[in-house]
Structures are given as structure tokens and as C-alpha cells.
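> Supplied in C-alpha cells, the structure appears directly below.
Values in this text are rule-based calculations from the coordinates and carry no lab data. Because the structure is a prediction, the values reported are computed rather than measured. Counting neighbours? That spans all protein chains shown, and the Cβs are built from the backbone with ideal geometry, glycine included.
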Amino acid sequence: MSLLLDTHALLWWLGGQHLNDDATERMSDASTLVAVSAASIWEAAIKRALGKLDIPEPLGSAALEEGFEPLLVTFDHAELAGQLPQHHRDPFDRMLIAQAQVEGLAIVTRDPAFDDYDVAVLRC
């Protein structure tokens, strides 16, 4: 199973916070592709600029150092994200859902709002 990290899952992983055993095991497996969306880096940068998030280093660089794969936002992702029902009001999360659907990824998250969409979820 290939994975896409929700922004909080990325921040928790990089911050050394505990994720559940299943998520930790899968993310630590060298054979598992673990992707981080450019949308998550953008979301975190906005929150940093607003003073809502304190990240000591560039998040994208930290994700790459962990061996995570960057996932760019494509036209297909953007079009699908715009068509998704707004069960979840967060546009960044709807982008992650669209990316996961297009790319066949499971989203690593604790957010129960993802359950309202047709997307595989790995609780963290």
C-alpha cells in the first residue's frame, strides 16, 4: 500500500510524536512509497506565516531527508478537488483526497472527515 501523509501526520512524524503502531510500521517499511503533497507544504507555510505553526526548518527539505516522495499538484488533481462534495470544508484536505484518489494512495490521518469520501485511510 502506497501512502499519502496528511499534514498533521507529516508534522507529527518529523516532530517525533507517536503515531499508532500500524502507521509507524508501514511508514518505516522501505518498500512502502510514502508521499507528501506540495499542498501540505503550502498549508504549513501559510500557518507558519500566520504564527499558528512553529516549524524550525523548511518542511519540504525535512520531508525529503526522511525519504518521503514529493507529490506535485497536477491539473487532474485540481479538477477533481474542485468537484468533490464539501463534506470537509478544508480545501487542503480536499486536495489530498483528490490526489489520493487519482494516484491510488491511502491517506495517513486521524481526521474522521476523510471517512465521508471514497478514499482509503490509514489511521495514525
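> Find out how many positive minus negative residues lie around Asp93, taking Lys and Arg as positive, Asp and Glu as negative, among other residues whose Cβ is under 14 Å from that of Asp93.
Result for the local shell: -2.
> What residues qualify as long-range amide H neighbours of Leu122, i.e. H under 5 Å apart, gap of 5 or more or another chain, H built at 1.01 Å from N?
Amide H neighbours of Leu122, under 5 Å, 5+ apart: Ile107, Val108, Thr109.
> Among 15-21, 4-10, 102-108, what's the highest-first ranking by average C-beta atoms within 10 angstrom per residue?
Answer by packing, highest mean first, reads 4-10, 102-108, 15-21.
> Summing -39500 (n - 2.57) over the DSSP H runs of n ≥ 4 in the chain and dividing by its residue number, what mean residue ellipticity at 222 nm do you reach, to the nearest 500 deg cm²/dmol?
Rounded to the nearest 500, it is -13000 deg cm²/dmol.
> Points 7 angstrom from Cα along the Cβ direction at Asp90 and Val73: gap in nanometres?
Result for the modelled spin labels: 1.5 nm.
> Grab the other residues whose beta carbon is less than 15 angstrom from that of Arg48, score K and R as +1, D and E as -1, and report the net.
-1
> Counting only other residues whose beta carbon sits under 12 Å from that of Ser37, what net charge do I get with K and R as +1, D and E as -1?
-4
> Also, I was wondering about something else. Mean shadow of the chain, computed from the convex hull of its alpha carbons, in nm²?
Answer in nm², one decimal: 7.2.
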